[in-house]
Every structure is written in C-alpha cells, then in structure tokens.
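Derivation of every value follows stated rules applied to the coordinates shown; laboratory data play no part. Since this is a predicted model, take the numbers as computed values, not measurements. Here the Cβ is made from the backbone with ideal geometry for all residues, glycine too, and neighbour counts use every protein chain on show.
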Amino acid sequence: MNYKKSRRFLEGLERPTIVYHKDADGVCSASLIQEAISGTAVPNDGPGIQLSDGLMESLKDSESVVFLDIPVDQLSVTEELKKKVFVLDHHPPERNLTSSNILHQNPRFENPDDYLPASYLVYKLLEDPKGIAWKAGVGVVGDHGVEDCQDLLEIVAEENPDIIGGKSYTYNEMKDSKLGMIADMIEASKVVEGLDGIKKSQEIMKNAVEPNDIFKTELKDFYEIYIKELEKEKTTFEEEAEYFPETDSYLYEIRSNYSLVSDLATNMSNEKPESVIIVYQKESYGMKISGRCQNGREDVSQILKKSIGRHGSGGGHPEAAGGFVKRNKEDIVLERFREILEGIS
C-alpha cells in the first residue's frame, strides 16, 4: 500500500468528515487519523455496512470525506459524493474506486491474503508516531488481526509493556491482555448505548494519553454490564441454538434487550473455531446477522450473501461477516440459512 501517496492526498483534504465503522477497529482508526488531520468523526449509522439517508445527506454538505474500515466499494456511496474522498479499508475488495477525486487504499489490492486492520494501516500512515501504538493495538486485537501485525505489537510492547502481556503475541494472549480488554470495552459501549456509546468511545480514545486513562472512564461501567449479559447469552446459546450435525453449524436467535449479535458470534466461534456460527437478532426495523467460522473452513461472507440475497445486505471477511435483512423478509432468509447449513460441503 502506498502510504506516501495517502499522506499527500490527506494533506489536500479540507475540513473532512471522517466516517468510521462502529467497532473497535473503526473507533481506533478514527482516533488515530485525527492525529494527522483535523476533521469531524462520525460512525456509520446504518445496519451492517450501510450508511443512513440522513448521514449521506450530511456528507454531501462536507468539504471532503474519509471512510475508514467500511467497504464502500460494495455500495453506491462514492458515486453520490462529488468531492474528494479517501477510502482506507481492509475487507476483500470488490472494485477499486480510485479516480480523479477518490483515492481508495486497501492492502488486499496487492496481497489478497493480507489481514491488516484499518487501525494498523492508519498508524503506518502517521509520520514518526510516538506513544500511540497501543491505540492501533487495541483495534488490531479487536479485529482479530494479531497474526499479520506482529511488528506493531512489538512497538506496543516497547512503549507500554504493562498493557500487552505475554511474549509471543498470539491472539489468545492478546485478547486476555489489557489491549483485549479495552477492545471489549469499546464493543460494550455499542452494546449498552448503541451509536451514542460508540461516539463516546471514539472521543475517549482520541483524548487518552495512555492506556490507563481508559480504565478511569464510563467505558468500564459499560464493560461490566456487557460481560454479565454476554455470559447469559452464551449459556442460552449452548441450550437452545439450532445445531446442524452434518456440517457442524449453529443458528441462534438472541432475545436480549442489548445488541449482542457480533459479540456473541465472535465469542462462540472462539470456543468452537471449527464450527460455522450464525447469530441473529430481530429488531423493529429488520434483522441483524453475524456469521463466524474462525478456522476458515467455510466462507461465512458467502453464506450470508447467498442467504440474504436481495432481501438485505451482507458481507465481510471469509472468517467473519455481518448482514442485515429487511423487515418482513426475516423468515424467508432464515429458511434459506437452514437449507444452506444443512448442505455445506
């Protein structure tokens, strides 16, 4: 990826609006990029990777736009924005958006197998960053990008040895470290307070000078609520999830008052790395879905796309994907999921 070209492009942006994905990687990448450019950061607010009509209208009034950790090449967003746009993403790309007014950067254009979260990429964009590698580390651990980001974790260990724990920098060690806990605290903010929580997390991460600053904020309270609710749902999953023995796959509906779709899917896939895990939660406006297959034996992004079809949207990584189903189309899609899970090769 051409970091020098990216820096030059960013330097030419006027009063950008920074739109970031509503997870730990998105929050951390937005916080880091504000070290380089002065812009207003807002989370993408639609279901899945979608942007709401209201957010799109506001972007049309912006001088320029930066998209972080959002596969906007799967949407028609950039065609509607007649302005300078910078896209930094790491999801498998469907097309390259680069044009006279758009710079689209994704390491997978050169190396399709690279898994480098957005927070890692933004950190690499920064010139001679000091003392903030831990922020990128939080995003990397939150996005399961540990294996390909060992160089970053070594910097974190040098700058903040108390936060990283362990010596080998494996995912299991990192998720149990303070880096992993902060990533979970960001996820907890979304679970407990939705977009408002994500906005609080981004502001807290931006202003934090050192890791221990995070543990003095309300994110700690969100985390305690989140852990209690997540443990309850994990127990119910084991008791009630539909199981497809021929394919070692699970389909489970969350009935919590909190939005735990991606969090539960991730946790259960950590415990069952060879299984296909599909978790869904019905809302008044439709249905949210998360799919996981930690060891990659099945491409869950394709499973979601095939199941959802024209009834919503879905996609992501082969090992981890998310989707949204339009209201009143839930039963159609769930039946298609069952058909596919019964016949996975």
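State which entries of Lys199/Lys282; Lys60/Lys82; Lys130/Lys167; Lys232/Lys305; Lys83/Lys135; Lys178/Lys216 exceed 18 angstrom in Cα-Cα distance in the structure shown. Beyond 18 Å: Lys199/Lys282; Lys130/Lys167; Lys232/Lys305; Lys83/Lys135.
Within the set of other residues whose C-beta is less than 11 Å from the C-beta of Ile102, count the net charge using Lys and Arg as +1 and Asp and Glu as -1. Present the calculation step by step, with values, prior to reporting the outcome.
Details: positive: Lys82, Lys83, Lys84; negative: Asp73, Glu79.
Net local charge, Ile102 excluded: +1.
For Phe67, the amide hydrogen comes within under 5 Å of the amide hydrogens of Val19, Phe86, Val87, Leu88, counting only partners 5 or more places away or on other chains and with H modelled in the peptide plane.
Neighbour counts of C-beta atoms inside 10 Å place Ile277, Ile70 in the sequence Ile70, Ile277, starting with the fewest.
May I ask for the Rg/Rh ratio of segment 37-145, computed from Cα atoms with Rh as the Kirkwood radius, given to two decimals?
Working: Rg = 14.2 Å, Rh = 14.9 Å.
Ratio of gyration radius to Kirkwood radius: 0.95.
Over segment 184-313, the hull volume per residue, using the convex hull of the C-alpha atoms, is 128 Å³. The Cβ shell under 14 Å around Glu339 holds other residues with a net charge of -2, Lys and Arg each +1, Asp and Glu each -1.
Just in segment 133-183: which trypsin sites (Lys or Arg not before Pro) are loop by DSSP and have at most 11 other Cβ atoms within 10 Å?
Values: sites: Lys135, Lys167, Lys175, Lys178; in loops: Lys167.
Sites meeting the loop and neighbour criteria: Lys167.
Structure remark: mean-square fluctuation, Gaussian network model of the chain, C-alpha springs under 10 Å; the largest value among Gly322, Gly145, Gly131 belongs to Gly131. Amide H contacts for Ala41 (H built 1.01 Å from N in the peptide plane; partners 5 or more residues away or on another chain; cut-off under 5 Å): Ile18. Comparing Leu334, Leu103, Leu264 in a Gaussian network model of the chain (Cα springs below 10 Å), the most mobile by mean-square fluctuation is Leu334. The fewest-to-most ranking of Cys149, Cys28 by surrounding Cβ atoms within 10 Å reads Cys149, Cys28. The GluC sites (Glu not before Pro) of segment 11-45 that DSSP puts in a loop, and whose beta carbon has at most 12 other beta carbons within 10 Å, are Glu14. So which trypsin sites (Lys or Arg not before Pro) in segment 1-97 are both in a DSSP loop and have at most 15 other Cβ atoms within 10 Å of their Cβ? Sparse-neighbourhood loop trypsin sites (Lys or Arg not before Pro): Lys82, Arg95. Segment 212-286 and segment 302-333 have their alpha-carbon centroids 18 Å apart. Build a GNM of the chain with springs between Cα atoms under 10 Å apart, and of Gly286, Gly197, Gly137 the one that fluctuates most is Gly286.
Where does segment 3-185 land on Rg(C-alpha)/(2.2 N^0.38 Å)?
Values: Rg = 16.0 Å, N = 183, 2.2 N^0.38 = 15.9 Å.
Compactness ratio reported: 1.01.
Applying the Karplus relation 6.51 cos²θ - 1.76 cosθ + 1.60 with θ = phi - 60° to segment 75-90 yields 3J(HN,Hα) values of 10, 10, 4, 5, 5, 8, 9, 8, 7, 6, 9, 10, 10, 10, 9, 9 Hz, where x marks Gly and Pro.
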